[in-house]
Amino acid sequence: MSDMRKKLLTDRRKIVVKLGSAVLEAPKGGVDQALIASLAGEIASLSNEGYQFVIVSSGAILMGMRETGKKKIPATIKAKQALAAIGQSRLMHAYESAFSKHGITVGQMLLTREGLADRKRFVNALNTMEELMKLGVIPVINENDTVAVDEIKFSDNDLLSSMVVNLASADVLVILTDIEGLYDRDPRLGEGKLVEVVDTIDDEIMDMAGGSGEVGSGGMSTKVMAAKMAAHRGVVTIIADGKTVGNLSRIMAGEPVGTLFIPAAERLASKKHWIAYSGHTEGTLTLDSGAVKAVVEGKKSLLPAGIQIVEGEFEGGAMVRCITGSGEEIARGITNFSSGQIKKIMGKHSGEIEGTLGSSLGEEVIHRDDMVIK
């Protein structure tokens, strides 16, 4: 098993490390700064071996709770946002202090789902991250809790970490939590067995993951979903115990620590991964049976002739859903035309586009390179 892990991790040098609230919480409240210091030492040592790191860290609300003397996470969004505003600077100070002892600079990036759903803002974040890493700076990323609301939260940063994998063009995602990894049944009942390797994340694996946790807002289910999203980017994911000192080094050495998720055989390019998992859809196109077959089985671009119904108002460059006549989503992609233009050309052959619109933006409504099959 160790040989398989070592082989799989060979030449994978860009690592996203995610730390959730459960692993960061200190016994007396707030964030465990001794744990951060220990992790900084490991990352510094691994960096000297040629690894690059991005950290996705929760903990702003926990730090705000410690500063204000609160014992329980408040129920309201505005109270959480206030605690995050208090705690985020203190969280970053903990990282800065820990890494500066090893001569490493860290840089803060605060992201939201809404921001990453916008293609231009996603690319801007990607460019910022690339520049930080060129400078030898370790990005420390958190959700911007001071502006996030329930509908756009990242489930204790689990799903955010899988999007950061795409931003960073990472090779490995390490999710550090407060248990050893994925169990085949609830370990709190004393009967669970650690699953060491997952080849494919199917319904059975998702059932094993169960519900959400208590300290964080994610739980094992969102961690496994993050692993699934990362797998489609060709990334190895390991879910492991973050409380045990030295586990990150053991993981990168190929030791049998935690649960390892093998990447999917078919890797999505960065833009297609964004389409599949980050982008926000602005409309829906209903396709006839011929177009469905061409898109799904033939891997063809979507032509106007196969479109029956246009829902929503959007401009060219928007992301839309493609559904069958019965409402099943079969694909999503970036359209070359606005909703108004598609309504004029739907059902027509591509050669009629220019005559209908007075100009042509191409023959395809959605090019296959800008489309992901569901």
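Here are a few things to note about the model shown:
- You will find that of ILE251, ILE262, ILE238, the residue that is modelled with pLDDT of 95 or more, out of contact with any Pro (no Cβ under 8 Å at 6 or more places or on another chain) and surrounded by fewer than 17 Cβ atoms within 10 Å (Cβ to Cβ) is ILE262 and no other.
- Hits in the range 265-281 (condition: in a loop (DSSP other than H, G, I, E, B) and either touching a helix residue (DSSP H, G or I) at 6+ places or on another chain (Cβ under 6 Å) or surrounded by 15 or more Cβ atoms within 10 Å (Cβ to Cβ) (or both)): LEU268, SER278, GLY279, HIS280
- Residue match in the range 17-39 (condition: charged (D, E, K, R) and within 16 Å of VAL164 (Cβ to Cβ)): yes
- Among the residues examined, VAL56 qualifies as under 23 Å from LYS134 (Cα atoms) and either in contact with a helix residue (DSSP H, G or I) (Cβ under 6 Å, 6 or more places away or on another chain) or not assigned by TED's automatic domain parsing to the domain that holds LEU135 (or both).
- Test: residue in the range 72-81 that is surrounded by fewer than 16 Cβ atoms within 10 Å (Cβ to Cβ), of a type in the set (Gly, Ala, Ser) and in the same structural domain as ARG250 (by TED's automatic domain parsing): yes
- Members of the range 86-140 that are acidic (Asp, Glu) and either touching a Leu at 6+ places or on another chain (Cβ under 8 Å) or in a helix (DSSP H, G or I) (or both): GLU96, GLU114, GLU130, GLU131
- Answer from VAL224, VAL295 - the residue that is buried (at least 22 other Cβ atoms within 10 Å of the Cβ) and modelled with pLDDT under 95: VAL224
- Qualifying residue in the range 307-329 (condition: in contact (Cβ under 8 Å) with a residue 40 or more places away in the chain, outside any strand (DSSP E or B) and of a type in the set (A, V, I, L, M, F, W, C)): no
- Set GLY290, GLY216: member being of a type outside the set (S, T, N, Q), within 28 Å of ILE43 (Cα to Cα) and either at pLDDT below 95 or outside the structural domain of ALA125 (by TED's automatic domain parsing) (or both): GLY216
The values are calculated or read from the model by the stated rules, or taken from the named source; none is laboratory data. This structure is a prediction, so every number in the text was calculated from the model and none was measured. Counting neighbours? That spans all protein chains shown, and the Cβs are built from the backbone with ideal geometry, glycine included.
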